[in-house]
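Some notes on the structure that comes next.
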(Lines give C-alpha, C1' and ligand atoms only; values in the text may rest on other atoms or scores of the structure.)
Protein backbone atom coordinates (compact mmCIF):
# COMPACT_ATOMS: atom_id res chain seq x y z
CA UNK A 1 0.00 0.00 0.00
CA UNK A 2 1.42 3.39 -1.04
CA UNK A 3 2.43 5.76 1.73
CA UNK A 4 0.39 8.90 2.26
CA UNK A 5 2.39 11.84 0.91
CA UNK A 6 2.74 15.27 2.51
CA UNK A 7 4.48 18.38 1.20
CA UNK A 8 5.81 20.90 3.74
CA UNK A 9 6.50 24.42 2.44
CA UNK A 10 8.44 26.81 4.69
CA UNK A 11 11.51 29.02 4.30
CA UNK A 12 12.86 27.93 7.72
CA UNK A 13 15.33 25.12 7.07
CA UNK A 14 15.25 23.90 10.67
CA UNK A 15 11.46 23.57 10.63
CA UNK A 16 11.54 21.70 7.32
CA UNK A 17 14.08 19.26 8.74
CA UNK A 18 12.10 18.81 11.96
CA UNK A 19 8.77 18.16 10.23
CA UNK A 20 10.34 15.92 7.60
CA UNK A 21 11.87 13.72 10.29
CA UNK A 22 8.76 13.76 12.51
CA UNK A 23 6.25 12.99 9.76
CA UNK A 24 8.59 10.34 8.38
CA UNK A 25 8.64 8.57 11.75
CA UNK A 26 4.84 8.56 11.64
CA UNK A 27 4.81 6.57 8.40
CA UNK A 28 4.30 9.45 5.98
CA UNK A 29 6.27 10.15 2.82
CA UNK A 30 7.48 13.75 3.03
CA UNK A 31 8.53 16.28 0.42
CA UNK A 32 9.86 19.70 1.45
CA UNK A 33 10.14 23.03 -0.34
CA UNK A 34 11.62 26.34 0.79
CA UNK A 35 9.76 28.48 -1.75
CA UNK A 36 6.58 28.56 -3.80
CA UNK A 37 8.17 27.72 -7.15
CA UNK A 38 9.73 24.53 -5.78
CA UNK A 39 6.45 23.62 -4.11
CA UNK A 40 4.49 23.95 -7.35
CA UNK A 41 7.01 21.77 -9.18
CA UNK A 42 6.77 19.06 -6.50
CA UNK A 43 2.96 19.10 -6.55
CA UNK A 44 2.94 18.77 -10.34
CA UNK A 45 5.49 15.93 -10.37
CA UNK A 46 4.72 13.97 -7.21
CA UNK A 47 1.02 14.69 -6.52
CA UNK A 48 1.15 14.84 -2.71
CA UNK A 49 -2.18 14.46 -0.97
CA UNK A 50 -1.72 17.24 1.59
CA UNK A 51 0.39 20.41 1.59
CA UNK A 52 1.38 22.20 4.80
CA UNK A 53 2.17 25.80 3.80
CA UNK A 54 3.61 28.64 5.85
CA UNK A 55 1.89 31.96 5.18
CA UNK A 56 4.96 34.19 5.48
CA UNK A 57 7.66 33.36 2.96
CA UNK A 58 9.91 35.67 0.93
CA UNK A 59 8.91 36.15 -2.68
CA UNK A 60 5.56 34.52 -3.42
CA UNK A 61 3.89 34.07 -0.05
CA UNK A 62 1.92 31.10 1.20
CA UNK A 63 -1.48 32.66 0.56
CA UNK A 64 -0.67 33.25 -3.10
CA UNK A 65 0.69 29.70 -3.39
CA UNK A 66 -2.40 28.21 -1.74
CA UNK A 67 -4.66 30.15 -4.09
CA UNK A 68 -2.86 28.84 -7.17
CA UNK A 69 -2.69 25.27 -5.90
CA UNK A 70 -6.40 25.26 -5.09
CA UNK A 71 -7.20 26.23 -8.68
CA UNK A 72 -4.68 23.93 -10.34
CA UNK A 73 -5.03 20.94 -7.97
CA UNK A 74 -8.53 21.05 -6.42
CA UNK A 75 -8.18 17.64 -4.73
CA UNK A 76 -5.08 18.68 -2.75
CA UNK A 77 -5.61 19.10 0.99
CA UNK A 78 -4.11 22.37 2.27
CA UNK A 79 -3.13 23.27 5.84
CA UNK A 80 -1.87 26.81 6.45
CA UNK A 81 0.67 27.73 9.14
CA UNK A 82 0.49 31.25 10.57
CA UNK A 83 1.55 33.05 13.72
CA UNK A 84 -1.10 33.06 16.43
CA UNK A 85 -1.44 36.85 16.33
CA UNK A 86 -2.11 37.06 12.59
CA UNK A 87 -5.86 36.40 12.54
CA UNK A 88 -6.22 38.04 9.14
CA UNK A 89 -3.84 35.47 7.63
CA UNK A 90 -6.03 32.61 8.81
CA UNK A 91 -9.15 34.32 7.47
CA UNK A 92 -7.62 35.01 4.07
CA UNK A 93 -6.15 31.49 3.98
CA UNK A 94 -9.59 29.97 4.34
CA UNK A 95 -11.01 32.39 1.79
CA UNK A 96 -8.48 31.29 -0.85
CA UNK A 97 -9.37 27.64 -0.31
CA UNK A 98 -7.28 26.22 2.53
CA UNK A 99 -8.89 23.33 4.40
CA UNK A 100 -7.42 24.09 7.81
CA UNK A 101 -4.91 26.25 9.64
CA UNK A 102 -2.56 25.78 12.58
CA UNK A 103 -1.11 28.67 14.56
CA UNK A 104 2.64 28.95 15.23
CA UNK A 105 4.14 27.92 17.58
CA UNK A 106 2.36 24.58 17.43
CA UNK A 107 2.57 21.17 19.06
CA UNK A 108 3.86 18.56 16.62
CA UNK A 109 1.10 16.18 17.68
CA UNK A 110 -1.57 18.78 16.93
CA UNK A 111 -0.23 19.41 13.43
CA UNK A 112 0.03 15.65 12.84
CA UNK A 113 -3.58 15.19 13.96
CA UNK A 114 -4.76 17.91 11.57
CA UNK A 115 -2.75 16.43 8.68
CA UNK A 116 -4.00 12.89 9.34
CA UNK A 117 -7.59 14.10 9.61
CA UNK A 118 -7.27 15.84 6.26
CA UNK A 119 -5.59 12.79 4.72
CA UNK A 120 -8.56 10.64 5.75
CA UNK A 121 -10.88 13.02 3.95
CA UNK A 122 -8.88 13.39 0.74
CA UNK A 123 -8.25 9.63 0.57
CA UNK A 124 -11.96 8.84 0.33
CA UNK A 125 -12.52 6.62 -2.73
CA UNK A 126 -12.98 8.76 -5.79
CA UNK A 127 -15.89 8.20 -8.12
CA UNK A 128 -15.19 6.38 -11.36
CA UNK A 129 -15.56 8.46 -14.52
CA UNK A 130 -19.25 8.70 -15.17
CA UNK A 131 -21.33 8.96 -18.28
CA UNK A 132 -22.48 12.50 -19.05
CA UNK A 133 -24.40 13.58 -15.98
CA UNK A 134 -28.09 14.41 -16.26
CA UNK A 135 -29.23 17.92 -15.54
CA UNK A 136 -29.43 18.73 -11.87
CA UNK A 137 -33.22 19.06 -11.96
CA UNK A 138 -33.56 15.44 -13.08
CA UNK A 139 -30.63 14.17 -11.02
CA UNK A 140 -32.18 15.49 -7.81
CA UNK A 141 -34.84 12.78 -8.04
CA UNK A 142 -32.31 9.93 -8.33
CA UNK A 143 -31.59 7.75 -5.29
CA UNK A 144 -28.94 9.17 -2.96
CA UNK A 145 -28.91 12.52 -4.70
CA UNK A 146 -30.13 15.66 -3.04
CA UNK A 147 -30.88 19.09 -4.47
CA UNK A 148 -28.43 21.61 -3.02
CA UNK A 149 -29.42 25.06 -4.25
CA UNK A 150 -28.78 25.22 -8.00
CA UNK A 151 -26.71 22.02 -7.80
CA UNK A 152 -27.12 18.36 -6.88
CA UNK A 153 -25.05 16.49 -4.31
CA UNK A 154 -24.38 12.85 -5.21
CA UNK A 155 -24.03 11.11 -1.85
CA UNK A 156 -22.69 7.85 -3.28
CA UNK A 157 -20.03 9.38 -5.52
CA UNK A 158 -19.38 12.27 -3.12
CA UNK A 159 -19.47 14.95 -5.78
CA UNK A 160 -21.43 18.10 -6.58
CA UNK A 161 -23.07 18.54 -9.97
CA UNK A 162 -24.16 21.90 -11.35
CA UNK A 163 -27.27 22.65 -13.42
CA UNK A 164 -25.40 21.89 -16.67
CA UNK A 165 -24.30 18.47 -15.46
CA UNK A 166 -20.68 19.47 -14.80
CA UNK A 167 -18.87 18.56 -11.60
CA UNK A 168 -18.15 21.43 -9.20
CA UNK A 169 -14.73 21.32 -7.53
CA UNK A 170 -14.94 20.97 -3.74
CA UNK A 171 -12.24 20.97 -1.11
CA UNK A 172 -12.26 18.15 1.43
CA UNK A 173 -13.61 20.49 4.11
CA UNK A 174 -16.37 21.79 1.83
CA UNK A 175 -17.47 18.24 1.02
CA UNK A 176 -17.51 17.30 4.71
CA UNK A 177 -19.67 20.34 5.43
CA UNK A 178 -22.12 19.52 2.63
CA UNK A 179 -22.42 15.91 3.79
CA UNK A 180 -23.17 17.12 7.31
CA UNK A 181 -25.95 19.38 6.04
CA UNK A 182 -27.30 16.59 3.83
CA UNK A 183 -27.60 14.31 6.88
CA UNK A 184 -29.46 17.04 8.80
CA UNK A 185 -31.92 18.68 6.37
CA UNK A 186 -34.08 21.37 7.93
CA UNK A 187 -32.25 21.11 11.26
CA UNK A 188 -30.45 24.25 12.51
CA UNK A 189 -26.83 23.46 13.40
CA UNK A 190 -24.74 25.68 15.63
CA UNK A 191 -21.04 26.31 15.07
CA UNK A 192 -19.99 23.86 17.78
CA UNK A 193 -21.92 21.05 16.07
CA UNK A 194 -20.54 21.95 12.66
CA UNK A 195 -16.92 22.05 13.87
CA UNK A 196 -17.16 18.84 15.88
CA UNK A 197 -19.06 16.80 13.30
CA UNK A 198 -17.57 18.10 10.04
CA UNK A 199 -14.06 19.08 11.07
CA UNK A 200 -13.33 17.03 14.19
CA UNK A 201 -12.33 19.96 16.36
CA UNK A 202 -13.84 22.51 18.70
CA UNK A 203 -14.93 26.04 17.84
CA UNK A 204 -14.29 29.25 19.73
CA UNK A 205 -16.03 32.59 19.56
CA UNK A 206 -13.18 34.22 17.58
CA UNK A 207 -13.05 31.45 14.95
CA UNK A 208 -14.53 32.61 11.65
CA UNK A 209 -13.60 29.50 9.67
CA UNK A 210 -17.14 28.11 9.62
CA UNK A 211 -18.59 31.38 8.35
CA UNK A 212 -15.93 31.56 5.64
CA UNK A 213 -16.59 27.97 4.52
CA UNK A 214 -20.31 28.69 4.37
CA UNK A 215 -19.58 31.77 2.27
CA UNK A 216 -17.50 29.68 -0.15
CA UNK A 217 -20.23 27.05 -0.44
CA UNK A 218 -22.90 29.67 -1.07
CA UNK A 219 -20.90 31.02 -3.98
CA UNK A 220 -21.02 27.56 -5.53
CA UNK A 221 -24.62 26.50 -4.90
CA UNK A 222 -26.77 29.59 -4.39
CA UNK A 223 -28.49 31.46 -7.19
CA UNK A 224 -27.75 34.66 -5.25
CA UNK A 225 -25.14 34.13 -2.47
CA UNK A 226 -26.16 37.45 -0.91
CA UNK A 227 -29.71 36.12 -0.45
CA UNK A 228 -29.17 32.41 0.26
CA UNK A 229 -32.07 30.00 -0.03
CA UNK A 230 -30.33 26.63 0.40
CA UNK A 231 -27.96 27.39 3.29
CA UNK A 232 -29.74 29.88 5.50
CA UNK A 233 -28.43 31.75 8.51
CA UNK A 234 -30.36 31.13 11.73
CA UNK A 235 -29.78 34.23 13.82
CA UNK A 236 -28.27 33.44 17.20
CA UNK A 237 -27.84 29.75 16.32
CA UNK A 238 -25.88 28.98 13.17
CA UNK A 239 -26.98 27.60 9.81
CA UNK A 240 -29.70 25.37 8.35
CA UNK A 241 -29.84 23.50 5.05
CA UNK A 242 -33.13 23.74 3.14
CA UNK A 243 -33.36 20.90 0.55
CA UNK A 244 -34.49 22.26 -2.79
CA UNK A 245 -34.05 25.83 -1.63
CA UNK A 246 -32.96 28.03 -4.53
CA UNK A 247 -33.31 25.23 -7.10
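The values are calculated or read from the model by the stated rules, or taken from the named source; none is laboratory data. Everything numeric here is computed off the predicted structure, so don't read it as measured data. As a convention, Cβ positions derive from the backbone with ideal geometry for all residues, glycine included, and neighbour counts pool all protein chains shown.
Report, by residue number, each residue of segment 209-231 that is outside any loop (DSSP other than H, G, I, E, B) and closer than 16 Å to residue 188 by Cβ. Spell out how you get there, then give the answer.
Looking only at segment 209-231, we keep the residues that are outside any loop (DSSP other than H, G, I, E, B), and these are 209-221, 231.
Result: 210, 211, 214, 231.
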> Just wondering, is there one or more residues in segment 150-172 that are at pLDDT 85 or above, buried (at least 16 other Cβ atoms within 10 Å of the Cβ), within 19 Å of the chain's Cα centre (by Cα) and under 20 Å from residue 234 (Cβ atoms)?
Replying inline: no
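From 51, 66, 39, grab the single residue that is in contact with a strand residue (DSSP E or B) (Cβ under 7 Å, 6 or more places away or on another chain), at pLDDT 95 or above, under 27 Å from residue 218 (Cα atoms) and crowded, with 17+ Cβ neighbours inside 10 Å.
51
When you scan segment 83-92, how many residues do you find that are touching a strand residue (DSSP E or B) at 6+ places or on another chain (Cβ under 6 Å) and either at pLDDT 70 or above or farther than 20 Å from residue 215 by Cβ (or both)? It would help to see each step written out before you state the result.
Filtering segment 83-92 down to residues touching a strand residue (DSSP E or B) at 6+ places or on another chain (Cβ under 6 Å) leaves 83-84, 89-90.
Restricting the remaining residues to those that are either at pLDDT 70 or above or farther than 20 Å from residue 215 by Cβ (or both) gives 83-84.
Count: 2.
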> For segment 173-187, how many residues meet the condition of being in a helix (DSSP H, G or I) and either over 10 Å from residue 146 (Cα atoms) or touching a helix residue (DSSP H, G or I) at 6+ places or on another chain (Cβ under 8 Å) (or both)?
Replying inline: 10
> Name the residues in segment 19-34 that are under 17 Å from residue 54 (Cβ atoms) and in contact with a helix residue (DSSP H, G or I) (Cβ under 9 Å, 6 or more places away or on another chain), would you?
Replying inline: 19, 22, 23, 30, 31, 32, 33, 34
